[in-house]
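Since the structure comes first, as structure tokens, the remarks are kept for the end.
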Amino acid sequence: MRWVDLLLAGLAGPLTDRVRAEAPQVDVVFLPESLEGGPALRQGTVDVELGVLGGLDPEVRTRHLTHKALVGVARSGHPLFEGRMDARRFAAVDHIGISRHGKREGPIDVALAERGLQRRVAVVVPSHTSAMILARDTDLVALTLADWLPGTTAALGLRTFPVPLDLAPVDIGMAWHPRNSGDPGHRWFRNHVAAAVLAPSAPAANT
């Protein structure tokens, strides 16, 4: 499987519990995001991809699972929390960009530009995990998913806040190669992946 690290952190446990409850001899291998898009699915290197889907080969099958709002995250004592949050104050702080390719701009920057504002992306890191830790140790602000890993966020001494911009939610889906569509074992596994996303705290059940 290939999952973005933020989803992996929250869902690897529930998925593993579900699989082990029904098929304890089945091993689950999570692969890094560096195995890009459709070719890995076509070549059989990856059985299932989960995350924001893009760059897939045209034959690849997909299933939309859920969508999540983006929120800001900063250390609990950050000056941002001392006053009313608005777009201008949000843009004025230094930000952490999350990109495996070093990209510094995205939908946040487009939304800010529409208001005549610009932010500084002072640091770019390749993963959400490293962004959260960096936000804990600095006055930099990162982005995360709403209502995601609240216990971990609190344990790191972080607080989330609504982003004061009109942003589309993040669509999360699952992708697989059509040659596996009819395979009972693959279908069983896809059902458990979907269940882990849609109800991560629910116990395993026969699917």
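The values are calculated or read from the model by the stated rules, or taken from the named source; none is laboratory data. Note that the structure is predicted; figures quoted are calculated from it, not measured. A quick note on method: Cβ atoms are made from the backbone with ideal geometry, for glycine too, and the neighbour counts reach across all protein chains shown. When the accessible area is computed, the model is the full protein with side chains, heavy atoms only, and any ligands, DNA or RNA have been set aside. Shrake-Rupley method; radii C 1.70, N 1.55, O 1.52, S 1.80 Å.
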- Message: For Cα pairs less than 8 Å apart in space and 6+ apart in sequence, what is the mean separation divided by the residue count of region 91-207, i.e. the relative contact order in percent?
- Response: 23
- Item | Among 157-163, 177-183, 72-78, the order from most to least packed when residues are scored by Cβ within 10 Å on average | 72-78, 157-163, 177-183
- Return the long-range amide H neighbours of ILE98 (sequence gap of 5 or more, or a different chain), with a cut-off of under 5 Å between placed amide H atoms. VAL125
- Task: Work out the length of the dipole vector of region 26-103 about its Cα centre, built from +1 on the beta-carbon of each Lys and Arg and -1 on the beta-carbon of each Asp and Glu, and round it to the nearest 20 debye.
- Result: 420
- Show the residues, 5+ positions off or on another chain, whose built amide H is closer than 5 Å to the amide H of VAL4. LEU50
- Scoring the chain by relative contact order with C-alpha pairs under 8 Å, at least six apart, yields a percentage of 34
- Query: What does the highest-first list of 167-173, 58-64, 10-16 look like by mean Cβ count within 10 Å?
  - Reply: 10-16, 167-173, 58-64
- Item | Other-chain or far-sequence residues with amide H under 5 Å of ILE172's (modelled H) | LEU65, THR66, HIS67, LYS68
- Task: Just flag the chymotrypsin sites (Phe, Trp or Tyr not before Pro) in region 52-158 sitting in loop per DSSP whose Cβ has no more than 16 other Cβ atoms within 10 Å.
- Result: none
- Message: At a 10 angstrom cut-off on C-beta neighbours, averaged per residue, how do the peptides 114-122, 130-138 rank from highest to lowest?
- Response: 130-138, 114-122
- Message: I want the antiparallel fraction of DSSP beta bridges within region 42-200, as a percent rounded to 5.
- Response: 75
- Magnitude of the Cβ-charge dipole of the chain, K/R +1 and D/E -1, about the Cα centre, nearest 20 debye? 200
- Item | Cβ-based charge dipole, the chain, positive-most Cα from GLY157, PRO184, GLY51 | GLY157
- Query: Per-residue ellipticity at 222 nm for the chain, helices alone: DSSP H runs ≥ 4 residues times -39500 (n - 2.57), over residue total, nearest 500 deg cm²/dmol?
  - Reply: -9500 deg cm²/dmol
- How much of the accessible area of the chain, in percent, comes from carbon and sulfur atoms when a 1.4 Å probe is used? 52
- Determine the sum of side-chain charges near ASP171: Lys and Arg each +1, Asp and Glu each -1, restricted to other residues whose C-beta is under 12 angstrom from that of ASP171. +2
- Express in nm, to one decimal, how much length is gained between LYS103 and ARG20 on full extension, taking 0.36 nm for each residue of separation and deducting their alpha carbon distance. 26.1 nm
- Mind checking the per residue accessible area of region 38-136 for me, 1.4 Å probe, whole number of Å²? 55
- Note on the structure: Taking the chain, the equivalent ellipsoid from its C-alpha gyration tensor has semi-axes in Å, biggest first, of 34, 19, 14
- Using θ = phi - 60° and the Karplus relation 6.51 cos²θ - 1.76 cosθ + 1.60, list the HN-Hα couplings for region 5-22 in order, rounded to whole Hz, with x at every Gly or Pro. 5, 5, 5, 4, 4, x, 10, 4, x, x, 5, 4, 4, 5, 5, 5, 5, 9
